[in-house]
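A.B. asks: Have a look at the structure that comes next, please.
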Amino acid sequence: MKIMSTCRNKTGKILFFIVIACFTFSFSQEEIDKKIDYTSEELRKIRQEIQHYKTQLEKTRSKEQSLLSQLQQTEQEISLTSKLVRQLSREQQLKEQQIAQTRASIERLTGNLETLKRNFARRLVHIYKQGDFNDWELLLTSQSLNQAIYRVKYLRILTDIDKKTVANIRLNIRAIDQKKEQLTAELADLQKIISEKLRYRETLSNQKRQRDRQLKNAQKDRNNLLAQIKAKEKAAAELAELIASLEKESEAIQRELERQRRMAGMVTVNPFLESRGKLIWPVNGQVVSKFGIQKHPTLKTITENSGIDIKVSKGTPVRAVLDGVVTTITYIRGFGNLVIIDHGSGFYTVYSHIDNVTVYEKEYVKRNTIIAEVSDSGSLSGAMLHFEIWSNRTKLNPEVWLAKR
C-alpha cells in the first residue's frame, strides 16, 4: 500500500518539514535544571559572619589592646577566612559536577535530536518515493468501505505521529539552547568562585604571617600566658553554653545518624556508650594536661581542665574517635579553632587547637576520618590537641573512654 502526502504540493511540504526538523525533541521542562547561583546559603551565612565580625572589630580599633588580644583577633580573622575558602572549595567542586552534568545533558539531547531528524528525513524521502497521490485518491481507490475506514484511521495515526515528531524536535532544540545558556552561566560562576578563592587565599597567607609575628612577641611575655589561662576558663563556660544549645537539634541529628548507621549495617543502639574504654585516640601523643583540677607546671596556677591536652607536632592529622555528624566549626578564644561532633544519644566530642579543617557542618563522618590538623591556634604553649567528651551537659574524662595504650 502506498503512503500518500497530506499536502497537494509535495515539494512544498517536504521543504516545510525539513525546515521544521531544524528546530528540537520531547523534553519535559521539569527535567531542565534550574540555574544555580554560586552564592549558596552557606556562603551567605559565612559572609554575614565575617561582616558582623568586622563591624565588631571596628568598634574596638580605637581602644588600646594587649598583644594577646591582637593575636586572638588575628586568629579569629584567620578562622573566618579559612571557613570561607573551605566553603568556596566546596562550591567549586559542586559547580564542576554541575557543569559535567550539563555537558552530558547537552550531548544526550544532541544525540536525540540527530536521531529524530534522521528518522524524520527517512520518512519524508519515503513519502516522496511513494508517488504523487493525495489522501482523497487513497480513499477513493479503496476496494471496500472497511478498507476506506481502515485507511482513514491509518492516515490519522500517521498525521498524529508526524505532529508529535515535529513537536519533539522543537522541544529538543529549545532544551539544547536552554542547556547551553545554563552552561555559559555555570562556567561564569565557576570562574568567579576560583577568582574569589585565590583572593582569599592570598588574604589568608598574609593573615597567617601577621599571626606568626604576633605569636612570637606574645610568647616572650609571661603575663600573656597567665592572661590566656584566664581566657581559657572563660572559653570553657562559652563551650558549655554551645554544647547546651546543640540539644535543640539533637533529634534531627539522631535520625540522620540512625539512617547512616542502618545504611552501614550497624545494629548498635548506642555505639558511643558501648565504646567506653575502646574509642580510638584522635591523635597519638603525650597527655600533658589531664582532666579535672590541674596545676600548671611553670606558672603553678590551679585550673580545671574540661578535657585533656595531647602534645603532638604541628600538622598531625586529627581523627574522629567515632562516627557522627559535625555540628560546629568555629573559633573560641582560649581554644582556637574548634570542631564539635555529635555521636548521638547525647554524646559529643570536641577537638580544638586545630587548623586546616577538612569537614563541613552537618556532614556525617565515619570513625577514623581525618577532620583537621593539630596546630597552635589559641595556644601560647605550642602545638597540641585539646580533646573533650560530653554527655549532654556533663563533662567526661576522655581517658576513661579512650582505648588503653
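A.B. asks: What do you reckon, is residue 208 surrounded by 12 or more Cβ atoms within 10 Å (Cβ to Cβ) and within 29 Å of the chain's Cα centre (by Cα)?
C.D. replies: Considered against the rule, which asks whether it is surrounded by 12 or more Cβ atoms within 10 Å (Cβ to Cβ) and within 29 Å of the chain's Cα centre (by Cα), residue 208 comes out as yes.
A.B. asks: Identify all residues within segment 353-380 that are among the aliphatic types (A, V, I, L, M) and assigned to a strand (DSSP E or B); write none if there are none.
C.D. replies: Hits for segment 353-380 are 354, 365, 370, 371, 372, 374.
A.B. asks: Which residue out of 349, 330 is polar (S, T, N, Q), farther than 30 Å from residue 70 by Cβ and not in a loop (DSSP other than H, G, I, E, B)?
C.D. replies: So the residue among 349, 330 that is polar (S, T, N, Q), farther than 30 Å from residue 70 by Cβ and not in a loop (DSSP other than H, G, I, E, B) is 349.
A.B. asks: Confirm whether residue 350 is farther than 20 Å from residue 304 by Cα and aliphatic (A, V, I, L, M).
C.D. replies: no
A.B. asks: Evaluate the following for residue 333: is it among the charged types (D, E, K, R), assigned by TED's automatic domain parsing to the domain that holds residue 263, buried (at least 19 other Cβ atoms within 10 Å of the Cβ) and more than 22 Å from the chain's Cα centre (by Cα)?
C.D. replies: Spelling it out, residue 333 is indeed among the charged types (D, E, K, R), assigned by TED's automatic domain parsing to the domain that holds residue 263, buried (at least 19 other Cβ atoms within 10 Å of the Cβ) and more than 22 Å from the chain's Cα centre (by Cα).
The values are calculated or read from the model by the stated rules, or taken from the named source; none is laboratory data. Note that the structure is a prediction, hence the values are computed from the model and not measured. Cβ: placed from backbone, ideal geometry, glycine included. Neighbour counts: every protein chain shown.
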